[in-house]
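Working notes for the structure below.
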């Protein structure tokens, strides 16, 4: 019997480095094609989408600072913009629909659900502004993980924002307390009774 080996942290970091290099390379290729031909190449966009989603999925979200979370969110949004230039038929060549057919029995999305959704929006029509809805209805583990990473990133951003607001309110309270203390102690300072300087 074959044993499954766990993915080590070093392997995850190597995988992230590989997909990051591929992502940057695919972006450069897409930009060069636009500069030469004055239009974008579908194959270049497909490479950007594939490597971008794989890169986002390879990165672990741990405790991050606000700036890196914002940068990651912008990256995810830009990948979604590139997806919006593709048709569902083109997207299926990058990430095929998972071949799970018993969704009705369990009340979950499956291959048929995704196909029905794609037929409703048009298989050969550009996805356009409906990227978020399209990705939510699409059954593929890479896409599901991409959406989970997006949601986790948003949650971490919200947490950072709430923490900064709490810190800001504590700082404001401390500042008000310090000003009050300063007003009380200033006359004592002027008379030389109080020696330390309170700012």
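Annotations
- Only one of the numbered conditions (1) under 24 Å from residue 93 (Cα atoms); (2) free of Cβ contacts under 8 Å to residues at least 40 places away in the same chain is violated by residue 35, and that is (1).
- Among helices (runs of 4 or more DSSP H) entirely within region 40-144, having at least 3 residues that are in contact (Cβ under 8 Å) with a residue 12 or more places away in the chain singles out 42-58, 66-83, 88-94, 111-121, 131-137.
- Looking only at region 1-28, and only at residues there that are at pLDDT below 90, part of a helix (DSSP H, G or I) and more than 18 Å from the chain's Cα centre (by Cα), the one that is nearest to residue 83 (Cα to Cα): 28
- Residue among 166, 158 that is more than 30 Å from residue 47 (Cα to Cα), modelled with pLDDT of 65 or more and not in a loop (DSSP other than H, G, I, E, B): 158
- Meets criteria (surrounded by fewer than 18 Cβ atoms within 10 Å (Cβ to Cβ) and under 20 Å from residue 50 (Cβ atoms)) for residue 126: yes
The values are calculated or read from the model by the stated rules, or taken from the named source; none is laboratory data. Because the structure is predicted, anything quoted here is derived from the model rather than measured. Cβ coordinates were reconstructed from backbone atoms using ideal geometry, including for glycine residues, and neighbour counts include every protein chain displayed.
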